[in-house]
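As structure tokens, the structure follows; a few thoughts come after it.
The values are calculated or read from the model by the stated rules, or taken from the named source; none is laboratory data. These figures come from a predicted structure and were not determined experimentally. Using ideal geometry, Cβ is built from the backbone for each residue, glycine included, and neighbour counts are taken over all protein chains shown.
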Amino acid sequence: MKAMVLEKPGTPLNLVERPDPIPGRGEIRLKVEACAVCRTDLHVVDGDLPQPKLPLVPGHEIVGIVDLVGEGVSRSRLGQRVGVPWLGHTCGHCHYCTTGAENLCDQPLFTGYTRDGGFASHVVADERFAFDLDAAADPVSLAPLLCAGLIGWRSLKKAGDDRRLGIFGFGAAAHIIAQVAIWQEREIFAFTRPGDIQAQEFARSLGVVWAGGSDELPAVELDAAIIFAPVGALVPAALRSVRKGGRVVCGGIHMSDIPSMPYKLLWEERELVSVANLTRRDAEEFFPVAQRAQLRTHTKTYPLDEANQALDDLRMGRLSGAAVLLP
Ligand SMILES: [Zn+2]
Ligand SMILES: [Zn+2]
């Protein structure tokens, strides 16, 4: 197999040839069709997240075809198209696993972080965390749904059912979740980097009712806001944009420090919460919604060996939509 490997955080990935991996008990092997690049990959590669498995194959938005199954896995999965997300394994018996919150498992494995991921021609996954996907769909457009879509969906649920929703940071997750929320007949207010006209135009092209800089406020108060950008300074900005009793959801795994802010921004029962990882239930809910809402993901493809370029384009904000690697 071919893989793009991180030897040391803060250094570029190297293209490596390895023997094809063999799935163990309860595992499957995928021939990777496409793997999208998530901001979390950037955090892993840059060393913002502690203690990755090393050497590591990053990538946790994997679409592929099952080409080998391990012991205890039904052979009927062979030849199926599946998607492998960030949550790659859970213990199944901790407090969180047994109370419907497996996203918070005490002993999880994360794809492309604490187990090898999909910046490769082949990857091994826990079969319980490999979701059946539409065999007729385009693998490139499916790939961003595996994290940007799933984490976005969980963030959207956390934001509640009210009508006026702000989204701070208009990248891969935002462009998917804005389409879902608009399909649900909600109004989306897109906040981008101040002066990022291109991102604002992209948001408008998807049907948002307002797009502006994160230093601006729309004329109406919002019911809730989701922050996808990894920027702590957006927390007070988002709290400022929501009404009394409104909620702000932080959707990212890593964020710069939240600056000190006046208590009155939180006062009047505004809520500030975070979203961590995903559950299999999120996937069961989200993929049918994605199909019904006829989501269209905007992607830019790169050959696998240009993974460093894709990461760099994401880091520099040169992408609208999602980068996808093709092995
Ligand atoms: Zn657990
Ligand atoms: Zn991700």
## Note on the structure
With the first residue restricted to the range 297-322 and required to be without any contact (Cβ under 8 Å) to a residue 40 or more places away in the chain, and the second required to be among the hydroxyl-bearing types (Ser, Thr, Tyr), Cβ contacts under 8 Å at 6 or more apart or on different chains are Gln309/Tyr302
### Summary
A careful count of residues in the range 302-315 that are under 17 Å from the mean Cα position of the chain (by Cα) and surrounded by fewer than 16 Cβ atoms within 10 Å (Cβ to Cβ) gives 1
### Query
Do any strands (runs of 3 or more DSSP E) lying entirely in the range 1-75 carry at least 2 residues that are within 16 Å of ligand 2 (Cβ to nearest atom) and modelled with pLDDT of 95 or more, and which ones are they?
27-37, 62-69
### Message
Just to be sure before I move on: is Asp138 within 16 Å of ligand 2 (Cβ to nearest atom), farther than 30 Å from Val242 by Cβ and either outside the structural domain of Pro55 (by TED's automatic domain parsing) or of a type in the set (Asp, Glu) (or both) in the structure I sent?
### Response
no
### Query
How many of the residues in the range 81-108 are surrounded by fewer than 16 Cβ atoms within 10 Å (Cβ to Cβ) and either of a type in the set (S, T, N, Q) or within 16 Å of ligand 2 (Cβ to nearest atom) (or both)?
3
### Task
Being closer than 18 Å to Ala159 by Cβ, among the small types (Gly, Ala, Ser) and either in contact (Cβ under 8 Å) with a residue 12 or more places away in the chain or away from ligand 2 (no atom under 16 Å from the Cβ) (or both) narrows it down to one of Ala199, Ala190, so name that one.
Ala190
#### Entry: Checking His254 against (1) surrounded by fewer than 19 Cβ atoms within 10 Å (Cβ to Cβ); (2) assigned to a loop (DSSP other than H, G, I, E, B); (3) at pLDDT 95 or above, the condition it does not meet
(3)
## Note on the structure
When the range 109-122 is checked residue by residue, the ones that are within 15 Å of ligand 2 (Cβ to nearest atom) and either at positive phi or of a type outside the set (Phe, Trp, Tyr) (or both) are Leu109, Thr111, Gly112, Thr114, Arg115, Gly117, Gly118
#### Entry: Test: Gly88 is in a strand (DSSP E or B) and within 16 Å of ligand 1 (Cβ to nearest atom)
yes
### Message
Looking at the range 41-77 only, could you name the residues that are surrounded by fewer than 14 Cβ atoms within 10 Å (Cβ to Cβ) and under 18 Å from Arg29 (Cβ atoms)?
### Response
Glu71, Gly72, Ser74, Arg75, Ser76
### Message
Quick check on the range 266-273. Is at least one of its residues within 23 Å of the chain's Cα centre (by Cα), within 24 Å of Ala148 (Cα to Cα), assigned to a loop (DSSP other than H, G, I, E, B) and at pLDDT 95 or above?
### Response
no
### Task
Write out, first by first residue and then by second, each pair whose Cβ atoms fall under 6 Å of each other, whose residues are 6+ apart or on separate chains, and whose first residue, in the range 121-140, is more than 14 Å from Val66 (Cα to Cα) while the second is surrounded by 19 or more Cβ atoms within 10 Å (Cβ to Cβ) and not polar (S, T, N, Q).
Val140/Ala34; Val140/Val324
### Query
Here is a list of conditions, (1) touching a residue at least 24 places away in the same chain (Cβ under 8 Å); (2) crowded, with 24+ Cβ neighbours inside 10 Å, and Gly160 meets all of them except one; can you say which number that is?
(2)
#### Entry: Residue satisfying condition, being in contact with a Gly (Cβ under 6 Å, 6 or more places away or on another chain) and either basic (Lys, Arg) or buried (at least 22 other Cβ atoms within 10 Å of the Cβ) (or both), within set Ala238, Ala224
Ala224
### Task
Check whether at least one residue in the range 33-51 is under 19 Å from Leu142 (Cβ atoms) and polar (S, T, N, Q), and report yes or no.
yes
### Query
Are any of the residues in the range 23-36 within 16 Å of ligand 1 (Cβ to nearest atom) and either surrounded by 14 or more Cβ atoms within 10 Å (Cβ to Cβ) or hydrophobic (A, V, I, L, M, F, W, C) (or both)?
yes
